[in-house]
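Structure first, commentary second.
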Amino acid sequence: MSPAVSNNASRRAAELRERLDEASHRYHVLDAPTIPDAEYDALMRELEALEAAHPELVTSDSPTQRVGAAPSSAFAEVRHEVPMLSLANAFSDEEIGEFVRRIRTRLDLNADASLKFSVEPKFDGLAISLRYEDGKFVRGATRGDGETGEDVTANLRTIKQIPLKLHGKGWPTVIEVRGEVYMPRAGFEKYNETARESNGKIKPLINPRNAAAGSLRQLDPRITAKRPLAFYAYAVGVVEGGELPTTHSAMLKKLHAWGFPVSTLVDTADGAQGCLTYFHRVGEQRDALPFDIDGVVYKIDDLATQRELGFVGRTPRWAIAHKYPAQEQTTTIEAIEINIGRTGAATPTARLKPVFVGGVTVTNATLHNADQVARLDVRIGDTVIVRRAGDVIPEVARVVVERRPAHTHRWKMPAHCPICGSAIVREEGEVVARCTGGLACAAQVQQALFHFAARRAMDIDGLGERFIEGLTDFGYVKSPADLYKLKLHDLLEMKRRADERDGTTPETVKAGKVATKWAENLIEAIAQSRRTTLARFLYSLGINHVGESTAKALATWFGDIALIRHLPWPILKLVPDIGGEVARAIDAFFEQDGNQRVIDDLLEHGIVITDAHAPIAKVRAALTTANVLADMELPGITEKRSEQLAQAFDSLEAILHAPPAKLSASGVPLDVAAALASALEQAQTRELFKRSAHAMHLLLERAESAKGAAGPLDGKTVVLTGSLNSLTRDEAKDKLEALGAKVAGSVSKKTSFVVAGAEAGSKLDKATELGVEVWDEARLVKFLHAHAG
Ligand code: IVH
């Protein structure tokens, strides 16, 4: 190799190192990247290639040398020439007052003389000391017992925020920079997420502090390199051959200029009051910080004064740590219960051995939902880490798997509501599982009543939130049906008790007068609500996913609560706009005995449905074996396969009882037949077939007998024209047909009457021309009303 080539290479290598170093410093320390990642990678590759071709060019501070040292079998001991001391802790404002008073006394300062402190976050990681000789990082060590630590240089080199070479100028020949290695929260969460997905291959980290400590103590630096570690400088140890500023705060600024990360939260403050203000200011930001802190540190800023004050034992007199309440604590799970919310949401909750965390004693922690329990794999008996940050509900953050006792079981969401015994159902794609006993569940009764009484539901005027709370809290009402049993004196008594409890008894009442008008009005409003339409009634039940339009569609199609309350979901799906999810929610609601009892109660003691009718003609048309079969969502049973099966078997019962050989002979592909045969072995599918077959018979029978029975519009042909206000054209058609009419599209001599809405056009003209009777909307509505039920 000619010296010229080598010179060139050496210059280029130095230039690359310079640029990479600067880019890395801007990225990791200043948080202000200047070059794109791809460019950085390209420069790095160029340097690596150059160093590979000219191994004599490799320097210890080259950015290529961060990772790569071979694993060692043990760490060498490092004696700290300047010991690494610890701080005294304080937990209250009073202790800080004491601390500052002691200093003033020693310094002979009176209470109002200014006393400047450097105030800093107390990082929750691992203290280390970094030694630089002639500006180069030569050795890094852990704190150990303060006198002797471990040489973890190779591991520290992998941390990009630690400069391998000092920046700027004016640094001493030898300097030890001290600070904290920590793991940022985001990196910690990401690491644990990966660990959880690894199926036990990667062990999750307990908390960011342990994570930092564990990562630094890896014998193989390549493992450390994979851990997202970071660093903040906050002190110096040995200093030789150079001068440092005379205050701590100026020294930190110098460290920053030499390439070390110094937290932007570092500040100065005057006296105890200034320190306490800082404590609260940082405390407010604590939860939002990207890393954990467990307190703040106050240090006398003037270094000469620090020296004057000196140490007691192993702690400085000139500094103190002011701690925040711990946000995480270890405890054990005594039970996992579920809580049913106002809307029926079932939230798993951990009952804990009481533990003091985040400043309060915590006995319960939320587990959020079944997925979260599965993710954490929390089990009864487990030792867990509970977290309570700020005002948020305490939660179980992690399980300490190492401490899991023998014979534990994975937790499963219970099948039934602990309050009302109804089924708990989790719909596909939903995170939340819900109790389906909406009407019968004590946990949901207030919400249920609120919905029931709403204007668009049963429209009970005056039954507001406060009365609902009073009625349920004092046990006058346990379900919507109880509303219809209320007497005047119940309401008055409820109000008196609620006022007494809340301290809101009016003066007039105290003086012996009792207002009764409101109660009479409410009783009257409840009575008024008794007569209602089927659609309103269905809507008022508060079935999950059943809004007004779905309630209307159900009412129009099937016409009778006695039918609807027993229909299986594949039949409900026949109604356009009712999909599988909604149909299953309706079915699940009516499946609950509790809900059925409340409906019985409502119909016996309260509600009169004024517009019941037989299933409309569309029901009859849609109720084919093929349609119902296709609606069952069985694997492989498409519409086409349903048609084939319906042709071969002609009823659901026949399919249910068919031997597998006959299914195979039906013309559907063999794998589909086999899948159907195995589905039919399941009790659940068989039950669904039976229910669907039964419902089909019942509906067809009703529809037939309605056809036979003389409807008020039997034999009449009606034409609808123009737009209607109070109902859609389709609804009007369905209702007219339900009363026996044939609804036609054009007017002729045979037309019995034309219903003309607003802006009726040629059909109306034709009717007038032919002398056909014309009804307006009001007449139609009146007629439908008169013939309802
Ligand atoms: S100064 C002589 N400043 O707290 C005092 N320590 O108990 C030397 N720590 O081991 C430490 N943040 O791990 C200092 N801003 C900060 C700190 C801090 C965290 C840790 C450090 C040390 C312990 C002292």
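Just a few scattered comments:
- Summed over segment 475-504, the residues that are crowded, with 17+ Cβ neighbours inside 10 Å and outside any helix (DSSP H, G or I) give a count of 4.
- Candidates Leu449, Leu439, Leu463, filtered to the one that is of a type in the set (A, V, I, L, M), crowded, with 16+ Cβ neighbours inside 10 Å and without any contact (Cβ under 8 Å) to a residue 60 or more places away in the chain: Leu449
- Qualifying residue in segment 636-647 (condition: surrounded by fewer than 18 Cβ atoms within 10 Å (Cβ to Cβ), part of a loop (DSSP other than H, G, I, E, B) and within 41 Å of the chain's Cα centre (by Cα)): yes
- Subset of segment 648-668 [open to solvent by 60 Å² or more (accessible area, probe 1.4 Å) and on the phi > 0 side of the Ramachandran plot]: Asp650
- Matching residues in segment 747-773 - criterion: being open to solvent by 60 Å² or more (accessible area, probe 1.4 Å) and either touching a helix residue (DSSP H, G or I) at 6+ places or on another chain (Cβ under 7 Å) or within 21 Å of Leu554 (Cβ to Cβ) (or both): Lys749
- Matching entry among Arg222, Arg209 (being within 16 Å of the ligand (Cβ to nearest atom), open to solvent by 50 Å² or more (accessible area, probe 1.4 Å) and assigned to a helix (DSSP H, G or I)): Arg209
- Screening Asp124 on (1) out of contact with any Phe, Trp or Tyr (no Cβ under 7 Å at 6 or more places or on another chain); (2) within 16 Å of the ligand (Cβ to nearest atom) shows it passes everything except condition (1).
- The residues listed here are Glu180, Glu197; of these, the one that is within 16 Å of the ligand (Cβ to nearest atom) and not β-branched (Val, Ile, Thr) is Glu180.
- Matching entry among Lys169, Lys190 (being over 28 Å from Arg286 (Cβ atoms) and either part of a helix (DSSP H, G or I) or without any contact (Cβ under 8 Å) to a residue 24 or more places away in the chain (or both)): Lys169
- Any hit, segment 70-86, residues being touching a strand residue (DSSP E or B) at 6+ places or on another chain (Cβ under 7 Å), away from the ligand (no atom under 16 Å from the Cβ) and outside any loop (DSSP other than H, G, I, E, B): yes
- Where Pro290 falls short, out of the listed (1) in a helix (DSSP H, G or I); (2) within 16 Å of the ligand (Cβ to nearest atom); (3) under 24 Å from the mean Cα position of the chain (by Cα); (4) not hydrophobic (A, V, I, L, M, F, W, C): (1)
- Test result for Ala335, at pLDDT 95 or above, exposed (fewer than 14 other Cβ atoms within 10 Å of the Cβ) and in a strand (DSSP E or B): yes
- The single condition from (1) open to solvent by 10 Å² or more (accessible area, probe 1.4 Å); (2) more than 34 Å from the chain's Cα centre (by Cα) that Pro576 fails is (2).
- One residue from Pro354, Pro405, Pro348 being open to solvent by less than 60 Å² (accessible area, probe 1.4 Å) and either in a strand (DSSP E or B) or touching a residue at least 40 places away in the same chain (Cβ under 8 Å) (or both): Pro348
- Test for Arg196: is it out of contact with any strand residue (DSSP E or B) (no Cβ under 8 Å at 6 or more places or on another chain), outside any loop (DSSP other than H, G, I, E, B), at pLDDT below 95 and closer than 22 Å to Val138 by Cβ: no
- Taking the listed residues Val152, Val138, Val100, Val119, the one that is surrounded by 13 or more Cβ atoms within 10 Å (Cβ to Cβ), within 13 Å of the ligand (Cβ to nearest atom) and not polar (S, T, N, Q) is Val119, with no other qualifying.
- Condition check for Arg426 on (1) in contact with a strand residue (DSSP E or B) (Cβ under 6 Å, 6 or more places away or on another chain); (2) exposed (fewer than 14 other Cβ atoms within 10 Å of the Cβ); (3) of a type outside the set (Phe, Trp, Tyr): one failure, at (2).
- Within segment 290-312, tally of residues that are surrounded by 11 or more Cβ atoms within 10 Å (Cβ to Cβ) and touching a residue at least 60 places away in the same chain (Cβ under 8 Å): 16
- Condition broken by Gln285, with the remaining ones in (1) surrounded by fewer than 19 Cβ atoms within 10 Å (Cβ to Cβ); (2) away from the ligand (no atom under 16 Å from the Cβ) satisfied: (2)
- Residue check, Leu352 in contact with a Ser or Thr (Cβ under 6 Å, 6 or more places away or on another chain), away from the ligand (no atom under 12 Å from the Cβ) and closer than 29 Å to Pro184 by Cα: yes
- Residues that are part of a helix (DSSP H, G or I), within 15 Å of the ligand (Cβ to nearest atom) and small (Gly, Ala, Ser) occur at least once in segment 233-250.
- If you go through segment 452-466 and keep only what is part of a helix (DSSP H, G or I) and under 23 Å from Cys420 (Cβ atoms), you end up with Phe452, Ala453, Glu465.
- Among the residues listed as Ile523, Ile586, Ile561, Ile543, the single one being surrounded by 19 or more Cβ atoms within 10 Å (Cβ to Cβ), free of Cβ contacts under 8 Å to residues at least 60 places away in the same chain and either out of contact with any Leu (no Cβ under 7 Å at 6 or more places or on another chain) or over 23 Å from Glu427 (Cβ atoms) (or both): Ile561
- Top-ranked residue of segment 251-282 - restricted to ones that are of a type in the set (Gly, Ala, Ser) and under 22 Å from Ser129 (Cβ atoms), ranked as surrounded by the most Cβ atoms within 10 Å (Cβ to Cβ): Gly259
- Scanning segment 160-174 for residues that are surrounded by 22 or more Cβ atoms within 10 Å (Cβ to Cβ) and within 16 Å of the ligand (Cβ to nearest atom) yields a single hit, Ile162.
- If the condition is being of a type in the set (Val, Ile, Thr) and open to solvent by less than 30 Å² (accessible area, probe 1.4 Å), then segment 589-609 contributes Val598, Ile599, Ile607.
- Out of Glu94, Glu51, Glu46, Glu81, one residue alone is without any contact (Cβ under 8 Å) to a residue 12 or more places away in the chain and either more than 40 Å from the chain's Cα centre (by Cα) or surrounded by fewer than 16 Cβ atoms within 10 Å (Cβ to Cβ) (or both). It is Glu94.
- Single residue of segment 368-389 satisfying the filter (part of a loop (DSSP other than H, G, I, E, B) and closer than 20 Å to Phe188 by Cα) that is modelled with the highest pLDDT: Val378
The values are calculated or read from the model by the stated rules, or taken from the named source; none is laboratory data. Here the structure is a predicted model, which is why all the values come from computation and not from measurement. FYI the Cβ positions are ideal-geometry reconstructions off the backbone, even for glycines, and counts take in every protein chain you see. In case anyone asks, the SASA skips ligands and DNA or RNA and just uses the protein heavy atoms, side chains included. Shrake-Rupley method; radii C 1.70, N 1.55, O 1.52, S 1.80 Å.
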